[in-house]
Each structure stands twice: as C-alpha cells, then as structure tokens.
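Notes to accompany the following structure.
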Amino acid sequence: MYGVGRGFASVLSGNSTIALEAGFAQYPPLMSMVRRQYPFHLIEPKWQRFWEERQSFRAWNPGETLPSEHPFARRHGLGGRLSSAEEMPPKYFILDMFPYPSGAGLHVGHPEGYTATDILARYRRARGWHVLHPMGWDAFGLPAEQYAIKTGQHPRITSKRNIATFKRQIQALGFSYDWSREVDTTDPGYFRWTQWIFLQLYNSYFDPEWNKATPIALLEDALSDAPRRESEWRGNPFLSGTHKAWIEMPPEQKYGLRRQFLDRWRLAYVAEAPVWWCEALGTVLANEDVVDGKSEVGGHPVVRRPMRQWMLRITAYAERLLADLDTIDWSPSLKDMQRNWIGRSDGAEIDFVVASSGGEASDGAPRIRVFTTRPDTLFGATYMVLSPEHKLMDEITTPAQREAVLEYKARAAAKSDLDRTDLSKEKTGVFTGGHAFNPATGERIPIWIADYVLASYGTGAIMAVPAHDTRDYEFARKFSLPIVQVVEPPAGTDWRGYVDDGVAVNSAAGDLSLNGLPTAQAKARMTEWLEAKGLGVRTVNYKLRDWLFSRQRYWGEPFPIVWRQDASGNWFHEALPESALPVLPPELDDYKPTSEGEPPLARAREWVHLGEGVRRETNTMPQWAGSCWYYLRFLDARNDAVFVSRAAERYWMGTSDGRPRSVGPESDTDASGSSCAAADAAPRPGVDLYVGGTEHAVLHLLYARFWHKVLYDLGHVSTPEPFYRLVNQGLILGEDGQKMSKSRGNVVNPDAILDEYGADAFRLYEMFMGPLQDSKPWSTKGVEGVYRFLGRVWRLFIDERSETEFEQNCAAEPRRAAEHLEAIRLSPKIEEAAPAPAQLKALHACIQKVTEDLDGLRFNTAISAMMVFVNEAMTWPNRPVPVLRDFLILLQPFAPHLAEELASRLPPAGEWGAEGLDLAYQPWPRFDPALLIEETLEIPVQVNGKLRDVVRVPVTATAPEFERAALAAPKVQPFIEGKTVKKVIVVPKKLVNIALG
RNA sequence: GCCGGUGUGGCGAAAUGGCAGACGCACGGGACUUAAAAUCCCGAGGCCUUCAACAGCCGUGCGGGUUCGAAUCCCGCCACCGGCACCA
C-alpha cells in the first residue's frame, strides 16, 4: 500500500546500514532516508487488510442476522441471531460531510474531520454503542462536466476515477467506515431515490392551516365537484374554503384554472425567475454559486436574465426552520448564520392610497402596499419609493415624468445586481410625478422610484422615513426631500439619521397619538390602529427566498418530469410515475448547451421526444440535491424497494418504538462513578454527531433540513430534524499561516506525509494540532513530534535486540518482511505482575483524562495525557501487562494500527486476545478515582494574591490545619512579619491566600 | 456598517475564578558514536542582581472595574479571521 519507491524504503526500516548499499545505486541521496521509528509500513496495511476481511466495522440493521464470529456480535452476545432494534445496544450515528471527489485528490483538510469522527466512532464502539459510521461520494458536479466538455470524456469516467483515488487515500488512513454502506450520488441506484424525493415535493403543497407538507391529492380533491376525501379535509378551513370557491366558480373557467392553481401550490413549481446566467459555463447559477458578480467556479462573468426554472418552496418552511434551531445542539454562531439567512423581520404592511391626478383621494384609486418594521415612524414618512420593477409604476407615473421614469427603469434593468447593491454607491432615483396619502397624517407625499428598493423583498415598495432610516436619509438629502423627526433619541444624540429605539414625538393626528411612547409600544399602538381602520396588518417577512432548483447541465439528476401541450397549445408539466425511475441521463458526445441556449440534454433528441408531443424536461438538479438526503440512504444503502426502510430509519434515527430511549449502554452499570454521563448515553433524535466545514453552514444544512422536514411531514422519516449535534472543524492553513492554495504553493499532500510517517502519526498529528473547531497552521515538524511519540510507544513494548534482528533480516530478505515482523519479541521488562500503586495511578490518571477529553471533543489534550503516561512508563523498571493492555485500549481510537499490532503481541487473558474480539471492541477501561487520591498535597500559599511558597499537607487536613501550615511556611515569613493578617482564605485541597491589612 | 469568533513564550498550544505556559515543535547543553543520524538525560517566558545560586520585579492585545485572588467575570477600546451586507 505504501509501495512508492519503497522497494528500497521498506528495506530500510531500521537503523540498518547494510540496506544502504542496495539503495544507493538507484536512489538519490540520504536526506529523506531517515530511520523509521517503527515499521508502520508493514503494520498499517496488515491491519487494514484484517479489518476489511473481517468486516470489523460493519454495522447491522434491525432484522439482520449477525454472524457469530463478528466482533460486535461477540461483544454483545448477539451472534447467529436475528437482531431486533430492542436487543441491539443504543445506536450512535456519527457522520462526516461526504466529499466531492475532485481530481486533485484528498487534501489535509479532509482528514481532520474524518479523523475526529473516526476516533469518536472507535471510542463509542469500545464504550458499547452500536456505531454507524459511513462514507460516500457527492460526485455530481461542475468540474467533471467541464472536463468532459474539454476532453469529450464522459463525466462518469472522471468521477469513477476520482472516487477510486479518494477511496484509496481515505482507506489508507485506517478509518473504521462501514464500506458496505458506501453511496455515490451519481449511481442510478442512488439518484433514483433523489428523483423519488423530488416527486414527493412535486406531489405536495404546503398547507397553511396544518403548517406542513400535504399530498396535493387532497387539494385536487377539494378542487372537484364530487370530492371523495372530504372527511380528510373538512376540518381544514383552507381546504374547505378552496372547495367552496371551486363550487362557486363559473364552470367554463373551472378546468382551465384548476391545473394552474395546483401547479402554483406545489412545493416544486415552475416559475419565470430572474436568474444568474453564465455564458461561459452555459448554465444558470444559483445565488450561492455567484460570488462578487462572478461564477464561483471559474470566475466567469454572469448576467441577470429571466428564465423558466424549477423552484422549491423552502420559504414555506422559514418559520419552522427558524424555530426548530432551538431544538438542536449546534454552535451558537452556526445557528446565528442560519437565522440571519432566514432573516425573519416583524413589522406591518400598510396601504397608501394613490392620489388621483386632480389630487384627491377617491374610492377606486390604486393602493400601494409597503412593508415596514417601524410602523411607529409612519408620521415621519415624507415620501415613498417603489422598486423599478413595481407593477403600479405605469399607473402612477405622470406624463411629464414618463420619459425619465422609463429611462431610469431601463438603466436599472441593465445593471447587474452587483452594481445595484454595490456598497456605498450614491443613491439614484427619479420622481414619478405621482403622490399618495400618508394614512396617519393624511398628507400628500411624493412617490419616487429608486433601485435601492428591491422588488424581491417585502412588497417591492417602501414608505421612506428619512429621519430614522439611514438609506432614506441619504436619499432625502440628495434629492432635498423633507425630513421630519418622529423619534426622540437619548439625550446627546442627534435625531437626524437616528435608527434605534427611542420615544415617539410629533406623532399625533385625529384619534391617534403615539407621543411619549417608547418605540416598542408605539409600534404596537400604531399596528393596532392600522388594523382597526383596515389600513394595515401585522406581517412577518423573511429574507429567505425560494430555492432555484434547476441547472442547465449534463452531470446532474434529470427531473422525472415530462411536458405536454393542452388543447390550446400551452405546455404543462406532469410527473413521471415512480415506476419510471430512475430517469437516466442520455449518452451524449457533446456536453455543451445547444446554440439556442438549451441545456445539453436537449441534444439527445430521441431521449427528449417521447412521441405524441410529449417532451422530457431537459434541466437537471443542482449538486445540493444528492447531498440533501445522503445521511438517510446510509441507514439502508442497498434497499431497492424504498429509500430507507422504516425499521432502519427508526433505529438509527433514535426513535425505535416511536420513542427515544432514555438509558445508554453503560450508565446503569456505572459502578465506579467514572465520567460516563448518563445524560450523554441516551440516543439522540437524528444524527448524533455531524462534523464538517463551515462552508456549508447555511446552504447544505438549510436545504437538508428543509427536505427532511418535508419527508417528516409526509411520514417518511420519524424526526423533525436530521442532525441533532453538529460541529464545524476549523480550517487547516498552510505552514505559512495562509489558506492553503495551489497559487500560494503551500498545499500539503497527505500521501507524502503517509509515506514518511504513516497513517497513525498523520491521524495523531491532525488531532494534536489544537482544538478541532479552531483554524490552525500545518507543521510537518509537528508531525515528527507525534511520530516520535508513537516510536516511544513501540519501544515501550518491543525488545530492541529483536528489532535489530528484524531490521537485519529485512535487509537480507526484504520479501519476507512480514514474517520477520512476526518474529519481533516483546520487551523483557513486560511482565504479568501486579502493578505498583504508582503505575496504577499513572494509568488511571490517563484513563480519566482521555475519557473526559473524548467526551468533550478535546483530542489534543487527550493525546498529551497519553504522552505524559508513556514518558513516565518509559522510566519504570518493569511494565505490568494489565497496565499496558488498558493503555492500548485508550490508544486504539487514535493510532489503531499500532495499537492492534502491539495488542496482538500481549499474552491473552479472558476476552483479551480471544479469537473474534478485536482490540476495537475491547471494553473501554474505567478509571478508579480511589487510585488517584494523593496522601499529601502540595498547596500553594499566596500573600495578597501573590504566590510565595508551597506547603505539603496531608489530604485529610482540615481548614484550620491548612491555615496553620500556610502561616508557618518559611518563605511566607518575610512577607507577613510585622503586618496584620486581615483574613486567611482557605480553599481546601487547592490553595491558601493570606490577606494582609 | 451589522453579526459571530479569536488574541497567552521563538512557534502549535494548556490552564475557563485558585501555582500561567502542561504536552509538542524549534533551540541550547550533555551522554552514546570515529563522525553523523537516531535514541537517552538536562535546560529554557522576560527583566534585574549575581561567579553561581537564592531572592526580587514584570508578564496572557490595550485601558479600566469586580474579587482575598482574573488569561478566565464585567465595561470601554484595538487588531486579525469568518459570515452577512441598500432585506425597509
């Protein structure tokens, strides 16, 4: 496996000099030929093969029969039986964000999270959990397609090759994935279910009464003359109201409107949406694919263009996506990012009546509806602004202003969104000539058009309160519009441009006065008044937009949709039946869009045209689609009948029996009072731990949550949230402290590190660098440090003489290296003796620290605790076997290959070494707090908070004894002589502080 | 501009109200060696004094506060990183 040039390297596995002669002829100078700390090049492939052959890390679904020889079955006494969810230990689902297998291969950033989760997966197995730890490939995507356009090579081939590289690299790290559950989003057996989920969305609508996704069949039923499912929707005012409207509709209109109505309500719908079109890539891009006005991939220019697109109605879930953040264990900053993205704001919609040309209000006059979060400032609204796209524009614009307005509209349309929203640009706008009445003051105020008002947010129109809104203030000053104060700021602050809360002033007319009310109350009062008068209504707005779900690409999931024409020649869409899945993409020679700008799939004429005027949809789904639900497929990856079986879903998502279990595997047998927290032992609803980078903080995680909720509403999954706990790993920077990038030339290739130091050292270093969540720079020197530590562990166990023999034998017969490895003997210092108290103490301190640190995800300090233990153990005259055994169990999650190798050499005892129980399944040792108790303690003595001396006192000492010892401490004397002791603070077993007067 | 995070030796870091710098890197000295590598042992925050040691003083981005005691808690500022950004 580490075969590179290593005919030679493997010969040189020790401090042998004989090997050099063979090597020198072919290989360049000595430099890289440092002595290996231990023969990891033989050990690591050996154990990887062992785990693979035994399927050591396979997880089992309820209903499967466990082979009696499998280590998990052995450990839990489940061998040879049909397993049920009740019999199996509680699950622990630990998930990595699966990678996009790029051509560049693995990056040192990938294994950081993967190592962390692997350590925890192994730790949980040792603690008795049933661990699900899978891996797969997010393999649809643009790079493979771009490569195909350039070379004509099918993206499937590129993807397969990249997956093979990624898999080889990941497996070389010894991760304990259950490879029998591997998924690949480009596999028809997988994307068939992605398409199936799309059909679920297509065939559902969001019911405003029930606040959840509901089969569209129910809405169809309500839109029929003789409903058959009335009993299901009678209690639902929305559906019964819809039905009533249907019945009252003139028959000649009914059937034309029916399809339109249904299609408008679907969770997956078609809309003419302004989208980012990238000429160079020949596709539309979602907002998230566009960074600073350029395509995220390749940095090509993009323009805004209206196109027919598939959309997903994620906005319907805005409130639930927001509210349910409170039920999951994510970092506050991550939740904040999601909250900001959803962007809830509470306010009111207010109608402004447009003044007729004569200047009076009339009944039939059009109304402009605005959204504001500050209804309390309505008295200060001195003008209005419409977005350039506003639909009432023509009605409002006076003939005199028409030309200017049209010109402004044209200019705004030509601008990209980047230009429009660009930073601190001067505000622009044009007066429409029209006026409206401020509903509070009754005053006639001018209506302007300006592109600082966005058509896509709120109502696309605002009331401008220049005194208390930064943007309106700038605009008003530029165009000399009146500015009226209506909020009194705290003393000393200028009211002009004051946007925070204050007290309402100048806000009274007729039966309404807000004067003197603090902002919060003024808002409430104003809203009440507006609602009572029918002029406005309390409203909640979200920044979140519906999800643009189609791409004009080849390498993505085709939609399971066809188009037909109705009698009047209009096209309408229709879902394919489930039996038509998977819809495979056609084979093409050319992956570019057509010259007419149609997606590449349109090139496949036979594929597109199904006869009788039926055409397939030629868009494909975005890359997010496959990653939206892959964690569910892992639960039952080979099931051809359903996307995940009910039993597997309930077991692994922690809702077996429809209720979460309350007790973990070990909490009830926890006799030692060790750190095994009972609270932590309960299975979580959903993925127990999901680890990945912050780059997916909003999009992937929001989209996946959305799909999950839809599936939950439709009864396909049993939890409202997919990922119970989520941790973002930090970025690994280059050695120069900069972000790793090819252009900086600071990219570290994991293969090179593995060759030189081995997988165990690599894993250990990635965890030793610092806290998982922090960004931190790579240091190859640092790898050497942990590598030396592993060498010390090796020498703690191994007889150095027999290692020298091993090296010589390998030099002589490199082909028999594996046999020579087996001949290495244990150190003579290792004996089956009862450990001395000091030895037990060192071990148990280590157990405690490693256990607690793993529970808290503090890998770096857990490793340092093991270093401390080994440093001490190296000085012992003898090395008792029981102590070493426990230590290896602690080491196993971090450096599994070395730990297994050393464990296999220790003498058997009980289950230890028994056929069929891997080290990975040995029960985690519990520490005995009694062993850690010191007889005497070193207590620091402070005078006025400054350390002056240290005294030794028995653990049993009482507070007065502490005090006496402290006051008698020799080095304290000069500081207290001749002074009055005001107070002595005794913190038992910790410290004494003498405060002087 | 708004939101979040971080700031500790030459470097990665530890300590989250109680001995600042565990562990590791780099560095210096020693042992082993013909020599080097590897390994093992020892040293090490800064300043001042001293032959040396002891002792002393300063020290966790900056300024203030709470406390017997602050890297840790509170207030104000600065710098860097990440996210959002005309969202009314």
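The values are calculated or read from the model by the stated rules, or taken from the named source; none is laboratory data. Everything numeric in this text was worked out from a predicted model, so none of it was measured. So basically every Cβ, Gly included, is an ideal-geometry build from the backbone, and we count neighbours across all protein chains shown. Heads up: the accessible areas ignore ligands, DNA and RNA and are worked out on the full protein's heavy atoms, side chains in. Shrake-Rupley method; radii C 1.70, N 1.55, O 1.52, S 1.80 Å.
Farthest toward the positive end of the dipole of region A:324-483, out of A:Phe431, A:Val385, A:Gly460, is the Cα of A:Phe431, where the dipole comes from beta carbon charges about the Cα centre. Relative to the 2.2 N^0.38 Å rule of thumb, region A:291-385 has a C-alpha radius of gyration ratio of 1.67.
Computed from point charges on the beta carbon alone (+1 for Lys and Arg, -1 for Asp and Glu), the dipole magnitude for chain A about its Cα centre is near 1020 Debye.
Out of the total accessible area of chain A (probe 1.4 Å, heavy atoms of protein only), what percent is carbon and sulfur? If you can, show how the numbers build up before the last one.
On the way: 22400 of 42810 Å².
Carbon-and-sulfur percentage of accessible area, whole number: 52.
Given 37 °C and 0.692 mPa s, how large is the Stokes-Einstein diffusion coefficient of region A:934-996 in µm²/s, with Rh as the Kirkwood radius over Cα pairs? Please report the intermediate quantities before stating the final value.
Working: Rh = 11.4 Å.
So the translational diffusion coefficient is about 289 µm²/s.
For chain A, averaging the sequence separation of C-alpha pairs within contact (under 8 Å, six or more residues apart) and dividing by the residue count gives a relative contact order of 14 percent. Residues of region A:243-286 falling in the label zone of A:Ala413, defined by backbone nitrogen less than 19 Å from a point 7 Å along Cα to beta-carbon, are A:272-277. The label point for A:Asp751 and the one for A:Lys946, both projected 7 Å from the Cα toward the Cβ, are 6.1 nm apart.
Of the whole protein surface, A:Arg885 contributes about 30 Å² of accessible area at a 1.4 Å probe radius.
For A:Gln922, the shell of other residues with beta-carbons less than 10 Å away shows a net charge of 0, using +1 for Lys and Arg and -1 for Asp and Glu. On full extension, the segment bounded by A:Leu406 and A:Ala604 gains 67.0 nm, given 0.36 nm per residue less the C-alpha separation.
Note on A:Arg905 and A:Lys979: the model spin-label points, each 7 Å out from Cα along the C-beta direction, lie 5.8 nm apart. Structural size metrics of chain A, computed from C-alpha coordinates, are Rg and Dmax of 35.1, 109 Å.
Could you compute the FRET efficiency for A:Ala823 and A:Arg638, with r as their C-beta to C-beta distance and R0 at 60 Å, rounded to 0.05? Mind showing how you got there, number by number?
Values: r = 42 Å, r/R0 = 0.71.
Rounded to the nearest 0.05, the efficiency is 0.90.
Across the options A:Ile197, A:Gly80, A:Gln146, the greatest Cα extent toward the positive end of the charge dipole of chain A (unit charges at beta carbon of Lys, Arg, Asp, Glu) belongs to A:Gln146. Put A:Asp640, A:Asp225 in order of accessible area, highest first, and with a 1.4 Å probe you get A:Asp640, A:Asp225. Computed with a 1.4 Å probe over protein heavy atoms only, the accessible surface of chain A comes to 43 Å² per residue. Placing a label point 7 Å from the Cα of A:Arg161 along the Cα-to-Cβ direction, the residues of region A:551-584 with a backbone N closer than 18 Å are A:555.
Helix A:519-533 and the long axis of chain A differ in direction by around 40°, with both axes built from C-alpha atoms.
With charges only on Cβ, +1 for K and R and -1 for D and E, what is the dipole size of region A:384-512 about its Cα centre, in debye, rounded to 20? Please report the intermediate quantities before stating the final value.
On the way: 13 positive and 19 negative charges, 77 e Å.
It comes to approximately 360 debye.
Between A:Arg344 and A:Ser84, the contour length at 0.36 nm per residue exceeds the Cα-Cα span by 89.2 nm.
By DSSP, the beta bridges lying fully in region A:934-996 are antiparallel in about 80 percent of cases.
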